[in-house]
Amino acid sequence: MLLYCCFPFFLFGQSGFNTTYDFSTLGVNFSGVVAIGDSLVVFGDFYNPNAHKWNLFVSKLDTMGNIANLHTWDMGWNTNTLNCKMILTTEESTLIHANVSSKKGFALKLNQNLEEEFFTVFDDTINRVVLHREVVEVSDGYIIGGEVQYQNYDELAWASKLDYEGNVLWYREYGTTTDLDTLEDVFDMAVTVDGNVMITGNLVFQTWQDGEMVYWSKPWYLIIDSDTGEIIWERKYAPFAEERVAFAIEPMEDGSYLTGGSFKFGEIEGYPFFSIDIRRLDANGDLIWRKPFGPVIQPTEQFVFDILPLPDGRYAAIAQGDLGIDFSPLWQNRAAITIVFDPEDGTESWVRVDTIPSDTIDNRSNYVQGGTVLSSGSIVVAGYNNDYPAKGWLIKMDKNGCIQDDCAITATVEIPAQQPTAPLIYPNPASDFLHLEGEVHSDLWIEDMQGRLLRIIPRAKTGEAIDVRALPAGVYLLRGKTDGLAWVLKWL
């Protein structure tokens, strides 16, 4: 795998850029970016020193990131647009769905001139926390969604349908509040090939291990009818090694899905670290392939925010990772990671890592908020840093991962093959006993292709024979760990 380790530089004749924006204010956060042809529209919030509060902004930029116009809104209260969503509608309007506070959110639709088409405020009157996160366009309106937390800390996913004028047509809540499964977060929404809506998120799973209660996160996928909000199907995958693989979802034309997130790769001095994980699921949610990318850089905290289709048929995963060397604290010196890969098997074309220009050298964090693809195939990543004052930033690279026309980069390194490796299993198919060849350092988990946990083999040993005579004929997954490497094997 070829890795571009790229640090900020500014040269004439560039096909891309890496720059920050402050709008001459006391703080700017970029929360999203969309492409209209080869132009860009970014949104977020900025600190208004005259009003002593945060206000919303939307700005249009040219293909090289120069600001063409800037529109701001003083809505009468502090905005809080972080971790929220902006989309480009079919008529090339922009629609923003964002938080205002723990009980209030809004949907703002703007035309191509960034003039307001509708502005709807959602003010919850019940004593609960409502987070506004996602928005997608369906055939006859828009679906928005997020999480809701009640006073007893029960947390559920929610979705609501808006018409083209921003009026609410229905509202529904989803999920479970059992002792074993509770919703943690909703991370993405996408429209399926048949016009319905998939919601992705994580559930917290509680179980006993070695006499102690432990908590794992497991991925959760839900498809709802875009007309009624009713559940079409729901999938909960068995947890293992604190997997988190439901941060981003992208439907494909054949009805399958690409999903990205992270998985627990191991620990450093007692701190868990997570690496990038990309998967392809079929139309029923069964696994087609899984590609762990990790650790791409320093092995600390890495996860995918967006998966974007490219004009040439490949896909780009927009991710975030840490550059910390001493791992104390783990959240400092975050970088933007871009991975371009083949959807057929996950083979990567290139991986790019970018730091962001900053006024401070130490204790800096950069927060990736997503990306977009221009008609030329160039990729743009957006986010903000924690300088004082904070700044928004954009990184643009061409389809080959280059900022300069001649693709001169500061460093090119080969990432060594991931070690250790997963064991071998035989025979495959197996009707009575399954044998392991290779090192195993964990319990083994047997799951069906629906993600249901069927059996746990405690502290499996190398060469151990696993009795599978009680399992009916079918396809199964065997999960385990070797020296901190989480692996999954498929067998019949």
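Between TYR426 and LEU26, the contour length at 0.36 nm per residue exceeds the alpha carbon distance by 137.8 nm.
Which FRET efficiency, nearest 0.05, do ASP74 and ASN167 yield, Cβ-Cβ r, R0 25 Å? Taking R0 as 25 Å, the efficiency between ASP74 and ASN167 is 0.55. Protection proxy ranking of 464-474, 424-434, 379-389, by the mean of other Cβ atoms within 10 Å over each peptide's residues and highest first, is 379-389, 424-434, 464-474. The mean sequence distance of close C-alpha pairs (under 8 Å, at least 6 residues apart), as a share of the length of the range 22-164, puts its relative contact order at 14 percent. Annotation: extensible slack from ASP345 through GLN149 equals 66.7 nm (criterion: 0.36 nm per residue apart, minus Cα-Cα distance).
In this model, which of LYS60/LYS161; LYS53/LYS396; LYS85/LYS218; LYS218/LYS291; LYS264/LYS291; LYS53/LYS161 are farther than 21 Å apart at the alpha-carbon? Flagged as over cut-off: LYS60/LYS161; LYS53/LYS396; LYS85/LYS218; LYS53/LYS161.
Here the extension length gained between ASN66 and LYS104 equals 10.4 nm, from 0.36 nm per residue of separation less the Cα-Cα distance. Per-residue SASA remark: THR63, around 50 Å² accessible (1.4 Å probe; ligands, DNA and RNA not included).
The values are calculated or read from the model by the stated rules, or taken from the named source; none is laboratory data. In this text, all values refer to a predicted model and were calculated from it rather than measured experimentally. Note that we place each Cβ from the backbone using ideal geometry, even for glycine, and neighbour counts take in every protein chain shown. To get the accessible areas, we keep the full protein, side chains included, count just its heavy atoms, and leave off ligands, DNA and RNA. Shrake-Rupley method; radii C 1.70, N 1.55, O 1.52, S 1.80 Å.
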